[in-house]
Amino acid sequence: MSQPAAAASTAFHIGQALLPGGWARDVRLAVAGGMITQVQADCPARAGDERIAIALPGIPNLHSHAFQRGMAGLAEVNGQSADSFWTWREVMYRFLARLTPQDMLAIAAMAYVEMLETGFTRVGEFHYLHHDPDGAPYANPAEMAVALAAAAGETGIALTLLPVFYAHAGFGGQAPGAGQRRFITTPDGFARLREAAGRALGDLPDAVLGLAPHSLRAVTPDHLATLGAMAGEGPVHIHIAEQTREVEDCLAWSGQRPVEWLLDHAPVDARWCLVHATHMTEAETRALAATGAVAGLCPITEANLGDGLFPAQAFIAAGGRWGVGSDSNVLIDAAEELRWLEYGQRLAARGRNLFAAGPGGHTGAALLDGALAGGAQALGGQAALAVGAPADFVTLAADHPALACRQGAALADGWLFAAGRMGVDGVWRRGRRLVTAGRHHARGAVEARYRKALARLI
Ligand SMILES: [Zn+2]
């Protein structure tokens with residue numbers, strides 16, 4: 001399987017485009033070597049330009065566990081005891097027990113095809129499934145990362161790989177359980193694994209290597225200090241306060257809540273992304289916003305797992321940065337993540353247009369601006385139609401009824417709230433078209449291989 005052979009055009013003429021300063025008309029993008037070299041608004045088309053009606057930057061997906069796409073929908077059966085995040089996790093551990101690197105490639109490629117089809121052009125892969133089914137490292141300790149890099153290479157999505165350090169089952173260094181043996185490393189083993197993962201990224205265009213302490217449940221304070229030093233200037237991601245039980249356990253262990261503890265004990269700054277900062281007090285919310293770190297929000301998964309609601313209004317009022325992720329990949333859809341981010345807040349606050357920036361502000365536009373800026377920051381990439389950025393963009397279906405007669409920011413509202421994924425027409429990476437009429441060029445082959453892998457696993 002190889003990437004589509006479509007030659008990169010050297011210039012695009014776009015009727016309406018979302019630029020860093022807002023929506024503009026008659027935008028001409030020049031592209032060389034996959035990168036944007038010139039952006040001109042109010043510019044007539046020239047002969048040979050590729051004509052596009054509506055374009056916006058590709059959306060960064062800041063948090064994914066790609067393999068979990070293979071179990072999507074399998075945990076929607078009422079279990080023996082009260083179902084929760086923790087019973088879902090048992091289903092997930094059973095699903096991954098036999099998964100091979102070939103399965104990882106098959107499932108991740110399927111997930112990445114779906115991400116691209118809905119408008120995500122970069123994925124942050126929070127990668128903890130490292131070892132073989134017995135918990136022994138593969139001959140190449142980064143064998144699973146090799147599979148993820150191959151899936152990104154085949155599908156064309158930009159990859160920020162976040163190898164995960166995972167050592168314990170709970171706060172205070174509790175011994176890991178059998179279901180966690182494929183994740184566990186020592187700090188030295190992790191350093192070797194991460195180095196090998198860096199090599200696996202090889203010449204994957206625009207790849208970024210970060211790292212991720214799994215959670216305060218899974219690492220000790222000493223580990224956290226070691227990992228912070230290892231990260232250098234790269235992104236650092238951590239699961240932080242997804243579940244109320246996690247908050248209670250952290251209080252019992254340290255006398256502090258997870259976000260409170262982390263901000264007191266780690267140099268949290270703009271390199272950091274706190275995933276599922278769901279349960280915060282008002283003081284934690286303001287303190288996190290002040291660090292410049294990104295809050296990683298995964299509205300579909302957080303709803304699916306019954307996590308709770310992130311205090312978005314207070315966080316944004318305090319200047320907090322945020323982005324979205326598809327996390328468990330139970331459903332992959334960029335527009336739906338953003339729509340549910342707003343809808344969750346509406347249901348809780350019994351209000352409307354809660355993300356909009358003041359009177360006259362468009363909610364869809366504010367959601368896009370937040371997800372583009374926060375997602376790019378969290379993943380160490382760029383998400384803008386600007387000189388020096390990769391030519392990664394989404395084109396909307398101008399003939400979709402929900403976009404009829406819309407202009408500028410109203411197009412963002414129309415896409416996110418009224419059209420959804422049917423509103424996506426094309427997706428381009430480095431100036432190459434990967435998705436046409438909502439379908440990835442490699443979907444047929446990727447889907448056939450995915451079905452074979454699933455037939456063996458389920
Ligand atoms: Zn996660």
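The values are calculated or read from the model by the stated rules, or taken from the named source; none is laboratory data. A quick note: this is a predicted structure, and the numbers were derived from the prediction, not measured. Cβ placement follows ideal geometry from the backbone for every residue including glycine, while neighbour counts extend to all protein chains displayed. Note: accessible area is taken over every heavy atom of the protein model, side chains too, but ligands, DNA and RNA are not part of it. Shrake-Rupley method; radii C 1.70, N 1.55, O 1.52, S 1.80 Å.
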Out of 356, 366, 317, 383, I need the residue that is at negative phi and either open to solvent by less than 10 Å² (accessible area, probe 1.4 Å) or touching a strand residue (DSSP E or B) at 6+ places or on another chain (Cβ under 7 Å) (or both). Which one?
383
Condition check: within 16 Å of the ligand (Cβ to nearest atom) and assigned to a strand (DSSP E or B). Does residue 62 satisfy that?
yes
Residue under question is residue 322, and the condition is that it be of a type in the set (Phe, Trp, Tyr) and either within 16 Å of the ligand (Cβ to nearest atom) or without any contact (Cβ under 8 Å) to a residue 12 or more places away in the chain (or both); does it hold?
yes
Restricting segment 85-100 to residues that are surrounded by 15 or more Cβ atoms within 10 Å (Cβ to Cβ) and assigned to a loop (DSSP other than H, G, I, E, B), the residue that is nearest to the ligand (Cβ to nearest atom):
99
Only one of 431, 414 is in contact with a strand residue (DSSP E or B) (Cβ under 7 Å, 6 or more places away or on another chain) and open to solvent by less than 10 Å² (accessible area, probe 1.4 Å); which?
431
Checked 114, 143 against criteria (surrounded by fewer than 24 Cβ atoms within 10 Å (Cβ to Cβ), within 15 Å of the chain's Cα centre (by Cα) and within 30 Å of residue 375 (Cβ to Cβ)); the one match is 114
What tally of residues in segment 150-207 results from selecting those that are outside any loop (DSSP other than H, G, I, E, B), small (Gly, Ala, Ser) and touching a residue at least 40 places away in the same chain (Cβ under 8 Å)?
10
Count of segment 14-52 residues which are open to solvent by less than 50 Å² (accessible area, probe 1.4 Å) and either touching a helix residue (DSSP H, G or I) at 6+ places or on another chain (Cβ under 9 Å) or among the β-branched types (Val, Ile, Thr) (or both):
9
Single residue of segment 240-285 satisfying the filter (among the aromatic types (Phe, Trp, Tyr) and open to solvent by 10 Å² or more (accessible area, probe 1.4 Å)) that is farthest from the ligand (Cβ to nearest atom)
253
Within segment 327-340, count every residue that is in a helix (DSSP H, G or I) and either touching a Leu at 6+ places or on another chain (Cβ under 6 Å) or more than 10 Å from residue 299 (Cβ to Cβ) (or both).
4
Filter segment 434-443 down to the residues that are surrounded by fewer than 20 Cβ atoms within 10 Å (Cβ to Cβ) and under 19 Å from residue 67 (Cα atoms) and list them by number.
443
Test residue 45 against the criterion of being part of a loop (DSSP other than H, G, I, E, B) and touching a His at 6+ places or on another chain (Cβ under 6 Å), and give yes or no.
yes
Tell me which residues, restricted to segment 305-319, are more than 12 Å from the ligand (Cβ to nearest atom) and in contact (Cβ under 8 Å) with a residue 24 or more places away in the chain.
306, 308, 309, 310, 311, 312, 313, 314, 315, 316, 318, 319
Before we move on, is residue 158 crowded, with 17+ Cβ neighbours inside 10 Å, among the small types (Gly, Ala, Ser) and modelled with pLDDT of 95 or more?
yes
